[in-house]
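Participant: Mind having a look at this structure? Questions to follow.
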Amino acid sequence: MIFFLLCAYNEARNIVEVINKIRNIFYHYNYQIVVVNDGSTDETLQVLEEVKNSDLTIISHSQNLGLGAAMRTGLDYIMKVINFKNDVVVTMDADNTHPVEITKFMLEKFSSGAHLVIASRYCPGGKQYGVEFYRKLLSFVARVVLSILFPYHNLRDYTSGYRMYSGEILKLLMLRYGKNFITQKTFAVQLELLIKLLMFKPNLYEVPLNLEYYKKYGKSKLKIIKNVLAYIILIFQLKLSS
């Protein structure tokens, strides 16, 4: 089973297209789409209900709690139904910037023994389209700093949210950290999960990601200053605990 986890906040204009792409590409696979509607104030919940089918589970927060809380809600649900030995969880953005077809290449890595596969902007073949210069610069600086502080074989993109986790590695994460497997509320959750998983020495691979930011409708949910501060604090916490 492939579990697709989409965390959505005000993505009414984007998320249905993502869901339809998953359905069109993976119709002959055993899959389930789990959407966490994180307190959207637009028509996100309405459009989700309109396309709901047996392959779609919708979980809603009554108010916006942040990406970290949405990830936690979604993973809490999936961990109750996943087959830890054979199933995988794919996390991807709900704003249509992550090409769904890349998941097939990630599955190939999983079949070869990978525990964690990252769709990477920085491995050979990876590119970014429509991303503002300052965001590219921040991402580049973060990559350089993190590669020095947390080096790991095959790892170049530390903050990409487009990932495939094996059920096996997620089980280890839950056993080790329990309810504290996610503590971050911001986009820093992606780094938190990654660094915590690295302690288990997973077989990690990257596949090239062509980030298509120009396909996104609506404003970015990323609050630059808030998230930069969250990353800095988290990095210190992770280094101290390592």
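The values are calculated or read from the model by the stated rules, or taken from the named source; none is laboratory data. All values derive from a computational prediction rather than experimental measurement. Ideal geometry is used to build each Cβ from the backbone, glycine not excepted, and the neighbour counts take in all protein chains shown.
Participant: Residue under question is K80, and the condition is that it be without any contact (Cβ under 8 Å) to a residue 12 or more places away in the chain, touching a strand residue (DSSP E or B) at 6+ places or on another chain (Cβ under 9 Å) and of a type outside the set (V, I, T); does it hold?
Facilitator: no
Participant: Working only within the stretch 113-144, note down all residues that are in a loop (DSSP other than H, G, I, E, B) and touching a residue at least 24 places away in the same chain (Cβ under 8 Å).
Facilitator: Going through the stretch 113-144, the residues in a loop (DSSP other than H, G, I, E, B) turn out to be 113-115, 121-126, 130-132.
Within the stretch 113-144, G113, A114, H115, R121, Y122, C123, P124, G125, G126, G130, V131 meet the criteria.
Participant: State all residues of the stretch 1-13 that are touching a strand residue (DSSP E or B) at 6+ places or on another chain (Cβ under 9 Å), part of a loop (DSSP other than H, G, I, E, B) and surrounded by fewer than 21 Cβ atoms within 10 Å (Cβ to Cβ); if no residue qualifies, say none.
Facilitator: Hit for the stretch 1-13 is M1, nothing else.
Participant: Among the listed residues S112, S120, which satisfies the condition of being modelled with pLDDT of 90 or more, buried (at least 19 other Cβ atoms within 10 Å of the Cβ) and hydroxyl-bearing (S, T, Y)?
Facilitator: From the options S112, S120, the qualifying one is S120.
Participant: Scan the stretch 15-30 residue by residue and report those that are touching a residue at least 60 places away in the same chain (Cβ under 8 Å), under 16 Å from N96 (Cα atoms) and either aliphatic (A, V, I, L, M) or in contact with a Phe, Trp or Tyr (Cβ under 9 Å, 6 or more places away or on another chain) (or both).
Facilitator: I15, V18, I22, I25
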